[in-house]
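Colleague: Quick one: the structure is below, questions incoming.
Derivation of every value follows stated rules applied to the coordinates shown; laboratory data play no part. The structure presented is a predicted model; accordingly, all values stated were derived computationally and were not measured. Cβ placement follows ideal geometry from the backbone for every residue including glycine, while neighbour counts extend to all protein chains displayed.
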Amino acid sequence: MADHSHSHDDHPPFNHPAPIPLLIGVFLALVFLTILTLVTSDIELAQFAFPIAMVIATAKAALVCAFFMHMFWDKSFNVLFFLSSLLFVTLFIGMTLLDTGQYQDDIDSFPREPEATPVVAEQ
Amino acid sequence: MAVVDTDNILEEEHHHHEPFIAHHFDDAEQQFDSGKLGIWLFLVTEILFFSGLFVAYTLYRIHHPEIFEQAHHFLDKRLGALNTIVLLFSSLTMALGVHAAQNGDNKKCGLYVLITMVCAAMFLGVKAIEYSHKWDLGIFVRSEFSYHPHTAEPFHVSPYLIKLSVIPVLLLVGFIAASFFARASSKVALSKFMGGLAITVGGYFVGVLIGMTFMALTAENEHAQLESPSQAPLVLRALTLDDDKHDDGHADADGDAHADGDHSHADGEDHAHGDSHAKSPDLGRDVGIFFSIYYCMTGLHAIHIIAGIVALAWIYWRCLVVHWRPDYFGPVDYVGLYWHLVDLIWIYLFPLLYLID
Amino acid sequence: MASAEIRNKIFDTPETNYLNHTRGWKSWAFTLDHKRIGVMYLIGVTIALFLAGAFALVLRWHLFWFEGGFLSNEMYNQMFTLHGAIMVFSFIIPSVPAALGNFVLPMMIGAKDVAFPRMNLMSFYLWIAGTCCLAAAILSGYGLDTGWTFYTPYSIETSTGVIFATFGAFILGFSSIFTGLNFLVTVNTMRAPGQSWFKLPLFLWSLYATSIIQILATPVLGITLLMLIAERTMHIGIFDPKYGGDPVLFQHFFWFYSHPAVYIMILPAMGVISELISVYSQKRIFGYSFIAFSSVAIALLGFLVWGHHMFTSGQSPMVTLIFSAITFTVAIPSAVKVFNWLATLYKGSILLNTPMCYALSFIFLFGIGGLTGLFLGALSTDIHLHDTYFVVAHFHFVMVGGTLTALLGGLFHWWPKMFGRMYNDMLGRISCFLVFAGFNLTFFPQFVMGSRGMPRRYASYDPEFQIFHQWSTFGASILGFGILMSFGVLLYAAFYGKRCGANPFKAASLEWQSSSPPDFHNFIHKPILHDPYDFDSQVYDKDLDTYIPRELADPKTVPPRREPVHH
Ligand SMILES: [Cu+2]
């Protein structure tokens, strides 16, 4: 174990280096997706703009997770735990969202500070 | 029960251990697996830590889309995209650094980790340009929000940028000096380490320069926008006007277009049926809520970048003293995972904050 | 079969153990040993308990008279806030996991330490720092009067030391996360060879479930408190309606953590009870896998019910309905546990010593605490009971009658292991009786006055409630004395108690195979794995005057197995 030869043979079972061409390929794909999301944000897509941006972001996130973060080779327990955190975030956002919509008017009509300057038409 | 070998039941006095295995672990694999699960769990806590801000973002975006429509005019998506690419590249070099450590190549690992650190500092440099430009314009959190466009000059060094750069300048001088001292007392690794840190801080200034160049290129455009306020977003007009009333007649705002939007409020009519842009007389200042969220999110993210640089510096140091080997590379992997998470969060922050239409 | 020499070496009280193998304050302050950290945590949480308990007694005596006693209204507000904040953040949350769990968890899986010993020590120092920040809120002269919940917008406006206190709670959150993360990894990767998940003592299942909550929920508390600090210092307009923020949103944030946190407080206690009931009935725990999975079910369901704290906060009717419905489902896994404990007692050979007395008190008190929760989870009754003493009594039955009772029971159970000395059982049982009687006398009247409309957090009240308050105050004094006495009994035993052997209670989980007190490395032998509830696996050894695994016992004296071995 003590020798410092770098052959792949002495890699212990928990050591799986990711192939370098794959890593570079993933990076290029990420750059491409970034440019894509910039381009789509310039096009008038109305209500689809946001979902498209999120889909692209999620694709990028998936690439980073799978290859840069070695999830592809990792123990499924680790992956499961990590991904289940997203479930809890969804729950947090979902339940809160379900509620807060119903009392927005009360918040909007609450007196603000500093008092808004009344806007006058005349200059 | 399985048969117990009672003759050899006592633990041997001297448990043979590799020096890198902590005494309470049986072997390298158990140590690695523990660390790996530990860092994944830590990343889970990070995601839930950020989740609060994502909840705030989602709620305000859904309940007040008009605020977000107004606010995005203040964000330069080119700077955001630049920073995205910088972070993605740093993620690549981090992954390559882990690869090198997995093969026990400390030299390569050190180089890749150093590039990662420089990219991280560059990201902060660009961020400093973005922040200081906003502060110049009076774009703060909700309670301090006051847009005053007349300070937006095409080429000028913001006093906020100078304040933000004080610490990096001190660090740069300190690291360079420390590197020379270490070399003088022939501590090679320490000298290299300090030199690496100096290069890292240098990355911040590269980021600042690139950011300033971008700003200079876009300044023409922005200036033109302010010259003809009818083109400017409603909130700009509202606040510019607000400003004008206080210090007589600055930039000549186009009153008509804007009066139509807001007149109904002065008369106290029902807001809900108004035009969505004119939902509330506070619209101008409520844009500040977007920036509250913006500063919380990007600020917390920047703190994570700084923490990442510290962690990476630790890895870099251990590269210099040749710690990593094929059966012991865990810490590089763990810090790498953390770094990728910081990248992951930015991957979402970029479209959420910069690409709103 | 091992020789007498090996037996003595393994099980006899050793000359050097984790307490004395190194000396001096530095050997404690910088120790990475989970046992020492556990003991230091125990000392810490006990101090927090007495501090916050003293506040409680001051409050109770103030309320002895309907017009209020010796506190000004402002002082009263600060008192109950600090009582709550210190009890929740500095005492209950770390009590069972960080003190008892730290000591016992690695030994239960035959490990030398937790996975990350430095992080463990860090957790303890963060606990100290956080508790000091909370205490600084008092010492700074500002106090704190928001209640432990820090509700906005009041917490933004009050002139008291909210920033100190929230920062303290923020740090305590990280302390809690570190403990949870450490335990979860340790149980996952460091179990003894052959120790499958279903050979884990149930205490570990409950600590594991607790850790999941600590990891998933506590970060949300962290960001909530940071945002509150930002709101207070910079007015970012997220929680403050004056700047366009949403004050109810703060409650969502806060309870997303703080309801699951209720299970951080009670789940470890339930784990302790599972151990005690089984050991002192000398009977295999009934429904092992049901108890194990009910812990996980409680942990996960606990994330779905936070809105039941907000029924009257302006929460929308639909969400209120959903949260109310899910709240009832939490009762199912909780009841599963109670029924299994009762079934374990059935036909067991029950030993009514101090830990068992505490365990039985727990079942009774937690039963009442849990069942009264149903009234509060039901919408129609909650509208009436919300913010009354009924709520106060309910959660004290769960937190004090539950967690504190289990902590005391667990301490009496593992004390001989921790210090190698036995306490006076009769005095222990008397302390248990005082705690039980005092507790009921304190909080039962509160149910009555709560249901009659006595609101919580009031410094003075209508004369018709005075008699209930007076009973309650008497009870609190007895309760305080009982707790003091139990700690006195334990403390005396730690120094002057009779020496005891490795396994005086004939328990079968692995920690009892170390000497008492344990060696620095926990075990000097490879512990022999049994089912943790197979008590027949332990046999009495006359020379050592303690129970040891039958594999190591003298073959001439080993009695035959009473029941067939389960695999
Ligand atoms: Cu609750």
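Colleague: Counting C-alpha atoms alone, how compact is chain C: give Rg to one decimal and Dmax as a whole number, in angstrom.
Modeller: Values for chain C (Cα only, Rg and Dmax): 23.7, 82 Å.
Colleague: To continue, here is another question. For the pair C:Met426 and A:Ser76, what calculated FRET efficiency results from E = 1/(1 + (r/R0)^6), where r is the Cβ-Cβ distance and R0 = 60 Å, to the nearest 0.05? Provide the component values of the computation, followed by the final result.
Modeller: On the way: r = 54 Å, r/R0 = 0.90.
My answer for the efficiency is 0.65.
Colleague: Follow-up question, since we're still on this one. Over 5 Å intervals from 0, what percent of Cα-Cα pairs in the stretch C:333-384 sits in each interval?
Modeller: Bin by bin from 0 Å, the calculated values are 4, 17, 21, 21, 14, 10, 6, 5, 2, 0.
Colleague: In whole angstrom, note down how far apart the Cα centers of the stretch C:377-432 and the stretch B:94-125 are.
Modeller: Each part reduced to its Cα centre gives a spacing of 53 Å.
Colleague: For the stretch C:195-269, what is the Kirkwood estimate of the hydrodynamic radius, computed as the reciprocal of the mean inverse distance between distinct Cα atoms, to one decimal in Å?
Modeller: Radius from the Kirkwood sum: 14.0 Å.
Colleague: May I ask for the angle, rounded to the nearest 10°, between helix C:288-301 and the longest principal axis of chain C, with both axes built from Cα atoms and the value confined to 0 to 90°?
Modeller: Orientation of helix C:288-301: about 20 degrees from the principal axis.
Colleague: For a test of the definition: using alpha carbon positions, the gyration tensor, and the 1.5 limit on a/c, classify the stretch C:322-425 as rounded, prolate or oblate. All intermediate terms of the calculation are to be shown ahead of the outcome.
Modeller: Working: a/c = 3.13, a/b = 1.99, b/c = 1.57.
Taking the square roots of the gyration eigenvalues as a ≥ b ≥ c, the stretch C:322-425 is prolate.
Colleague: Check which residues have an amide H placed less than 5 Å from C:His525's amide H, if you skip close sequence neighbours.
Modeller: Those qualifying (amide H under 5 Å, at least 5 residues apart or on another chain) are B:Glu11.
Colleague: Just tell me how shielded A:51-63 is by partners: mean number of partner chain Cβ atoms within 10 Å of each residue's Cβ, no decimals. Please list the in-between numbers first.
Modeller: Working: counts 0, 2, 8, 3, 1, 3, 9, 2, 1, 8, 6, 1, 3.
The per-residue average across the peptide is 4.
Colleague: Ranked from highest to lowest mean number of other Cβ atoms within 10 Å per residue, what is the order of the peptides C:351-360, B:62-71, C:180-189? Numbers along the way, then the final one.
Modeller: Values: C:351-360: 23.0, B:62-71: 19.3, C:180-189: 25.7.
Per-residue mean Cβ counts within 10 Å order the peptides as C:180-189, C:351-360, B:62-71.
Colleague: What order, most packed first, do the peptides B:306-313, C:438-445 have when packing is the mean number of other Cβ atoms within 10 Å of each residue? Don't skip to the end; give the middle numbers.
Modeller: Values: B:306-313: 17.5, C:438-445: 21.5.
Top of the packing list down: C:438-445, B:306-313.
Colleague: Once the piece of chain linking C:Val558 and C:Arg118 is laid out straight, how much longer is it, given 0.36 nm per residue of separation minus the C-alpha distance between them? Don't jump to the answer; show the numbers that get you there.
Modeller: Details: separation 440, 0.36 × 440 = 158.40 nm, distance 4.30 nm.
Separation in residues times 0.36 nm, less the Cα-Cα distance, equals 154.1 nm.
Colleague: Please compute, for the alpha-carbon atoms of the stretch C:463-567, the extent along each of the three principal axes and give them in descending order in Å.
Modeller: 71, 34, 25
Colleague: By the gyration tensor of its Cα atoms, with a ≥ b ≥ c the square roots of the eigenvalues, what is the shape of the stretch C:99-176: rounded for a/c under 1.5, prolate for a/b over b/c, or oblate? Walk me through the numbers before you get to the answer.
Modeller: Numbers: a/c = 3.76, a/b = 2.94, b/c = 1.28.
Cα axes put the stretch C:99-176 in the prolate bin.
Colleague: What are the extents of the Cα atoms of the stretch C:243-362 along their three principal axes, listed from largest to smallest and rounded to whole Å?
Modeller: 64, 24, 20
Colleague: Are there cysteines in chain C with no other Cys C-beta under 4.7 Å, and if so, which?
Modeller: Taking the Cβ cut-off of 4.7 Å, the unpaired cysteines of chain C are C:Cys132, C:Cys133, C:Cys500.
Colleague: To the nearest 10 degrees, how steep is helix C:405-419 against the longest Cα principal axis of chain C, on a 0 to 90 scale?
Modeller: 40
Colleague: Separate question: Per residue of C:317-325, how many C-beta atoms from partner chains lie within 10 Å of its own C-beta, taken as a mean?
Modeller: 2
Colleague: Let me ask something else. Taking the stretch B:285-357 on its own, what percent of its Cα-Cα pair distances exceed 17 Å?
Modeller: Numbers: 1455 of 2628 pairs.
Counting pairs separated by more than 17 Å, the tail of P(r) holds 55 percent.
Colleague: If you find the alpha carbon centre of the stretch C:111-175 and of the stretch B:305-340, how far apart are they in angstrom?
Modeller: The stretch C:111-175 and the stretch B:305-340 have Cα centres separated by 31 Å.
Colleague: How far apart, in nanometres, would the label points at B:Asn8 and C:Asp12 be if each is projected 7 angstrom from Cα along the Cα-to-Cβ direction?
Modeller: A separation of 2.6 nm, rounded to one decimal place.
Colleague: In square nanometres and to one decimal, what's the mean projected area of the convex hull around the Cα atoms of the stretch A:20-98? All intermediate terms of the calculation are to be shown ahead of the outcome.
Modeller: Details: hull surface 26.2 nm².
Averaged projected area of the stretch A:20-98's Cα convex hull equals 6.6 nm².
Colleague: I've got another one for you. Magnitude of the Cβ-charge dipole of the protein assembly as shown, K/R +1 and D/E -1, about the Cα centre, nearest 20 debye? Mind showing how you got there, number by number?
Modeller: Working: 54 positive and 84 negative charges, 967 e Å.
Computed charge dipole of the protein assembly as shown: roughly 4640 debye.
Colleague: Ranked highest first by average number of other Cβ atoms within 10 Å, how do B:110-120, B:327-337 line up? Don't jump to the answer; show the numbers that get you there.
Modeller: Numbers: B:110-120: 25.3, B:327-337: 23.3.
Those peptides, ordered most packed to least, come out B:110-120, B:327-337.
Colleague: Taking N as the number of residues in the stretch C:385-451, what is its Cα Rg relative to 2.2 N^0.38 Å? List each step's numbers first, then the result.
Modeller: Values: Rg = 15.2 Å, N = 67, 2.2 N^0.38 = 10.9 Å.
Normalised Cα radius of gyration, the stretch C:385-451: 1.40.
Colleague: Shielding of C:187-199 by partners, i.e. mean partner chain Cβ atoms within 10 Å per residue?
Modeller: Details: counts 0, 9, 12, 6, 0, 0, 2, 2, 0, 0, 0, 0, 0.
That average works out to 2.
Colleague: Taking Cα atoms, how many degrees apart are the long axis of helix C:354-377 and the longest axis of chain C, rounded to 10 and kept between 0 and 90?
Modeller: Compared with the principal axis, the helix lies near 30 degrees.
Colleague: Based on a Kirkwood Rh over C-alpha pairs, give the Stokes-Einstein translational diffusion coefficient of the stretch C:31-264 at 37 °C and viscosity 0.692 mPa s in µm²/s. Walk me through the intermediate numbers first.
Modeller: Values: Rh = 18.6 Å.
Approximately 176 µm²/s, per Stokes-Einstein.
Colleague: Could I ask something else about it? Using square roots of five times the C-alpha gyration tensor eigenvalues, list the equivalent-ellipsoid semi-axes of the protein assembly as shown in whole Å, biggest first. Working shown, then result.
Modeller: Working: eigenvalues 562, 312, 110 Å².
Equivalent-ellipsoid dimensions as semi-axes: 53, 40, 23 Å.
Colleague: For the stretch C:20-60, what does the alpha-carbon gyration tensor say about shape, rounded, prolate or oblate, given a ≥ b ≥ c as the root eigenvalues, a/c under 1.5 as rounded, and a/b over b/c as prolate? If you can, show how the numbers build up before the last one.
Modeller: On the way: a/c = 4.79, a/b = 3.49, b/c = 1.37.
Taking the square roots of the gyration eigenvalues as a ≥ b ≥ c, the stretch C:20-60 is prolate.
Colleague: Still on this structure: Please enumerate, by chain and number, the lysines with C-alpha under 29 Å from the C-alpha of C:Lys242, excluding those fewer than 8 residues away in the same chain.
Modeller: B:Lys134, B:Lys245, B:Lys279
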